[in-house]
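First up is the structure itself, then whatever we jot down about it.
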Amino acid sequence: MKNILGIGAGYVGGPTMAMIAKKCPEYRVVVVDINPQRIVAWNSDQLPIYEPGLLELVQSARGKNLFFSTDIPKHIAEADIIFVSVNTPTKTFGLGAGKAADLQYWEKTAREIVKYSKTPKIIVEKSTVPVQTALAMQRILDANEAGIHFDVLSNPEFLAEGTAIRDLEYPDRVLIGSHETESGLKARDVLVNLYANWVPREKILATNVWSSEMSKLAANAFLAQRISSINSLTPFCEITGANIEEVGKAIGMDSRIGHYFLKPSVGFGGSCFKKDILNLVYLCEYHGLKEVATYWEQVVLMNEYQRTRFTRRILSAMFNTVAGKRIALFGFAFKANTGDTRESSAIRIAQELWQEHAKVVITDPKALDNARIDLKDILADIVLEPDPYQAARGSHAIAIITEWDEYRTLDYAKLYQSMEKPAFIFDGRNILKHRALYDIGFNVYPLGKPPLIHFGK
Ligand code: UDX
Ligand code: UDX
């Protein structure tokens, strides 16, 4: 039996390795992490991350050909293929701080691989990395004194949180970048055959290493750009009477544009979009491509604008003061069906409302533990409340931040009864029935549509 090792048991590494184990029973898959608590959690039924279908997937393979361990040296030594999914956050110090990718964990991992390896291995770059990182990795690995041969492949992961299991099982494509050398192509074929256990061959795309690394950054940049584009039109619609939903539908029906990723929002969050675009911006600046850098940076700046605009709209609608007013934020996760709050717009919105001396109450079905960490500096002034009805009680306003399905079907007449009047709803995801809310008595502020208000504008 061949051995696969996954280094990094996070949102990417954990689910990906579990899927490989399930689909490739001829491989023994071990996942390691420097964080021992994470490994304990992966070995329990309280997994460290929430993802629909993940627990069932892990349970189906764990103990058979899927194992979680902290013994990094042993498993490096035993592995034939190593997938590296350690985090590559934005650098917070030195050259490129705030934009470039911090590759220290990646490099440390490469050096550990060198240190503990005794046999040749295929190293698979799963983490999103700057273009040409594989070259640096190859050089570190090739510097091993034992003369062990390593092949580095780029195999970026395109899964989205909340739908990770489906994305892994039925990917749009699997991208594998390899060097066009004899051993590079052989390594590529090993990985192609691995995925071919469940992914149709025509969906497995082989490219050179740099195209593969670049494609991951480009895919995230394009997706984020669509959201910023639709969000950029929301203030215009609010003023003119155009309806962003109608506009989105009308443009999305053009098959050249397509209807995905055109939902207006309080701004995109998540661990990847901002980080990867800033990484692209940094690389462009580094290579002297100022205009290209400015072009992509605008996608992030538009997102910041959308977040702040949401809080300003709350403030201006509520008579320019929210001091002392209870405001219930419905949702804290960066999107529905995850407990992940990394880069969630909710963080900024909660902080800005707190700065205005609002009494912020936060409810979310999965993300309150993370909210507690994200807002630790202002936690004394914030209320975390799992029950949305309790959160809304005595509030002047509800603001929908995350598009959880359960917020669509709450009893809004009951919520209205329990709130201060005039009662406001700010729908940062456009998931509610705005006319019906208005009829209940709410003053309704959708995104990209004129508000429905009971008093003069
Ligand atoms: C992260 C990045 O966000 C993403 O861009 C990249 O493509 C893959 O890595 P994610 O899985 O969401 O994705 O990160 P995270 O949940 O933080 O998991 C990374 C894991 O690696 C953590 O559990 C961390 O403890 C572990 N790690 C980190 C190691 O095992 N070794 C290290 O040296 C550093
Ligand atoms: C993204 C990419 O989709 C995925 O391919 C990559 O591997 C990692 O980054 P993720 O961040 O998990 O995945 O979720 P995604 O569904 O892309 O949503 C990102 C953010 O954009 C969320 O805050 C979401 O609410 C927001 N969004 C998405 C919108 O505001 N409008 C949309 O139309 C779609």
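Say whether the condition of being assigned to a loop (DSSP other than H, G, I, E, B) and more than 25 Å from Glu112 (Cα to Cα) is met by at least one residue in region 30-41. Checked region 30-41: no residue is assigned to a loop (DSSP other than H, G, I, E, B) and more than 25 Å from Glu112 (Cα to Cα).
A search for C-beta distances below 7 Å between a residue of region 152-164 that is within 10 Å of ligand 1 (Cβ to nearest atom) and any residue that is assigned to a strand (DSSP E or B), counting only pairs 6+ apart in sequence or on different chains, returns Pro156/Leu175. Filtering Glu304, Glu297 for residues that are without any contact (Cβ under 8 Å) to a residue 60 or more places away in the chain and either closer than 21 Å to Asp374 by Cα or within 15 Å of ligand 1 (Cβ to nearest atom) (or both) leaves a single hit, Glu304. Of all residues in region 212-239, those that are modelled with pLDDT under 95 have Cβ atoms under 6 Å from Cβ atoms of residues that are in a helix (DSSP H, G or I) and within 11 Å of ligand 2 (Cβ to nearest atom), 6 or more apart or on another chain, in Leu217/Asp276. The single residue among Lys64, Lys91, Lys126 that is over 19 Å from Tyr11 (Cα atoms), in the same structural domain as Val29 (by TED's automatic domain parsing), among the charged types (D, E, K, R) and touching a residue at least 24 places away in the same chain (Cβ under 8 Å) turns out to be Lys64.
A quick yes/no check of all residues on (1) away from ligand 1 (no atom under 16 Å from the Cβ); (2) farther than 24 Å from Glu161 by Cα; (3) touching a residue at least 12 places away in the same chain (Cβ under 8 Å):
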| position | (1), (2), (3) |
| --- | --- |
| Val247 | yes, yes, yes |
| Asp254 | yes, yes, no |
| Gly258 | yes, no, no |
| Pro264 | yes, no, yes |
| Gly267 | yes, no, yes |
| Ser271 | no, no, yes |
| Asp276 | no, no, yes |
| Leu280 | no, no, yes |
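Annotation note: of Arg201, Arg256, Arg226, the sole residue that is of a type in the set (Lys, Arg) and surrounded by 15 or more Cβ atoms within 10 Å (Cβ to Cβ) is Arg226.
Given the structure, is Leu329 closer than 18 Å to Phe426 by Cβ, in a strand (DSSP E or B) and more than 17 Å from the chain's Cα centre (by Cα)? Yes; evaluated as a whole, the condition is true for this residue. Being away from ligand 2 (no atom under 16 Å from the Cβ), within 21 Å of Leu168 (Cα to Cα) and of a type in the set (Lys, Arg) is not true of Arg38.
Of all the residues in region 159-191, those that are over 26 Å from the mean Cα position of the chain (by Cα) and either β-branched (Val, Ile, Thr) or surrounded by fewer than 18 Cβ atoms within 10 Å (Cβ to Cβ) (or both) number 8. Put simply, of Ile34, Ile7, Ile49, Ile76 the only residue that is more than 26 Å from Arg166 (Cβ to Cβ), of a type in the set (A, V, I, L, M) and within 9 Å of ligand 1 (Cβ to nearest atom) is Ile34.
The values are calculated or read from the model by the stated rules, or taken from the named source; none is laboratory data. Just so it is clear, the structure is predicted and the values come from calculations on it, not from any experiment. No Cβ is skipped: glycine too gets one built from the backbone with ideal geometry, and neighbour counts run over all protein chains shown.
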